[in-house]
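Okay, so here's the structure we're looking at.
The values are calculated or read from the model by the stated rules, or taken from the named source; none is laboratory data. This is a predicted model, so every value here is computed, not measured. Backbone-built Cβ (ideal geometry, glycine too); neighbour counts: all protein chains shown.
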Amino acid sequence: MDLFSVSNGSNNAHVLLVSYPAQGHVAPFMKLSHLLSACGAKVTLVTTQSKHARIVDQEQGPVSIVSVPDGLESEDDRKDVTKLSQSIIRVMPVYVEELIKKINQNEEQGDQKITCVVADSLCGWALELADKFGIKRAMFFTAAPGSLALTLHIPKLIQAGIINLDGAVRKNDNVELSPNLPTLSPAEFMWNNPGHPSLQKIMFEYVKSVNQTVELSDWVLCNWFQGLDPSADHLLPNIIPVGPLLANGKPSGNFWSEDLTCLSWLDRQPPGSVIYAAFGSTSVFSQHQFNELALGLELVGRPFLWVVRPDLSNGNSNDYPNGFTQSVANIGRMVQWAPQEKVLAHPSLACYLTHCGWNSTMEGLSMGVPFLCWPYCADQFYNKSCICEDWKVGLCLSKDENGIITRHEIKKKVEELLSSDGIRKNALNMKALAQESVSPGGSSSKSLEYFVNQIKG
């Protein structure tokens, strides 16, 4: 039986989900869509036309995917977050409003009219539309509980003189946002980017906008579970933890085709031997750092599976060190994209070398795999602190005086991680908590059923 699957004879909830068009947002929205569908709701997921064309598993399953323009031309750079976000706000609401009208004014739809809009925390305009039509509203926050707590505390951080009105740090003091949540240092603030003040200001405005989206929400759905952070339930009176969100073999909204041949390669490796290295959809390394990573994996001397996106290094060309591919031919496997949940659940896995994105963090916790942390941006630094300092299920790599994580640091930390019985035990305990939450009668399972019952027409 699928996780979260419940017997529900009624089918009069129709959820319209609106995701920000980035891999780290579309994937959890897709997973949530399938869980809502399994609970008996009709589900329509809205994405942009450019991202819809990239979703490789879009034609499967009961979820209806609808695409709308993002306002940019085909030759425009959609990696320019500022340009993309401004265009989305200007263009997408018009098309989504027309979509809502089309569905809800169609008499043949009957009880299939939209009963709730679930919007990404970065798409608050979708909840404004829902309010306009008298439709129930929910925000889906795809990051960690501490990150949500941070956004809610921004006015207090300004008042206390810790940050300026533009998000710039004034006091380098740790901040306790909630008694049972990890403290935050200014370096872990999601928008913190002192080397690029204009980008930092833009990111700060995006983060601040989440507060407005929260105020528009009847409920706030979150990808975490009660056993992970008990105090998360007290951040907001209307918060609903429904994680960990896993695809469990269903379409997960990937923008790249998964290389399934790596699974048969894993089958040939000894149990608990393989280092899985994957850095999400946005991390980018300098060529120097890319080389050190490659040589570090070689130096460890263990089998490794490395996800190497075409644009993982600067210049969009991944040039391996001379002789590297021949040297690691018997122990290493490089792929452009991997079926991550299946990889993390494979008995050959020893540890996960990761950028600490929240989706990847939840997947790793669910599979009981120790982490080796290499955060890149935004909330990933805070996630790293949770992994290493609070849950104690991983270790963090340290940069040298030149800002480089060297091959020797990688080898040292891998050996330290895999020799720690305590970290392994903590990881397995976290796996048990995750599985319990999504089992029948578990906290997240019951929360999802509650939500679906609340949004019926």
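Considering every residue within region 43-58, establish whether at least one is modelled with pLDDT under 90, assigned by TED's automatic domain parsing to the domain that holds LEU245 and small (Gly, Ala, Ser). Scanning region 43-58 turns up at least one residue that is modelled with pLDDT under 90, assigned by TED's automatic domain parsing to the domain that holds LEU245 and small (Gly, Ala, Ser). Looking across region 277-300, just one residue is more than 23 Å from HIS25 (Cβ to Cβ) and either aromatic (Phe, Trp, Tyr) or not assigned by TED's automatic domain parsing to the domain that holds ASN330 (or both), and that is PHE290. Got a number for residues in region 393-418 being of a type in the set (Ser, Thr, Tyr) and either buried (at least 16 other Cβ atoms within 10 Å of the Cβ) or on the phi > 0 side of the Ramachandran plot (or both)? Qualifying residue count, region 393-418: 1. When the residues of region 376-422 are filtered to those that are within 19 Å of ASP229 (Cβ to Cβ) and of a type in the set (Ser, Thr, Tyr), the one that is nearest to the chain's Cα centre (by Cα) is TYR382.
Applying the set (1) more than 18 Å from the chain's Cα centre (by Cα); (2) among the hydrophobic types (A, V, I, L, M, F, W, C); (3) at pLDDT 90 or above; (4) outside any strand (DSSP E or B) to LEU236 leaves exactly one unmet item: (3). Screening region 203-233 for residues that are among the polar types (S, T, N, Q) and in a loop (DSSP other than H, G, I, E, B) and picking the one that is surrounded by the fewest Cβ atoms within 10 Å (Cβ to Cβ) gives GLN226. When TYR352, TYR320 are screened for being in contact (Cβ under 8 Å) with a residue 12 or more places away in the chain and more than 25 Å from ALA144 (Cα to Cα), only TYR320 passes. Would it be correct to say that PHE324 is surrounded by 22 or more Cβ atoms within 10 Å (Cβ to Cβ) and more than 20 Å from the chain's Cα centre (by Cα)? Considered against the rule, which asks whether it is surrounded by 22 or more Cβ atoms within 10 Å (Cβ to Cβ) and more than 20 Å from the chain's Cα centre (by Cα), PHE324 comes out as no. Just give me the residues in region 349-389 being assigned to a loop (DSSP other than H, G, I, E, B), touching a Pro at 6+ places or on another chain (Cβ under 7 Å) and either basic (Lys, Arg) or surrounded by fewer than 24 Cβ atoms within 10 Å (Cβ to Cβ) (or both), in sequence order. HIS355 - this is the single residue of region 349-389 that is assigned to a loop (DSSP other than H, G, I, E, B), touching a Pro at 6+ places or on another chain (Cβ under 7 Å) and either basic (Lys, Arg) or surrounded by fewer than 24 Cβ atoms within 10 Å (Cβ to Cβ) (or both).
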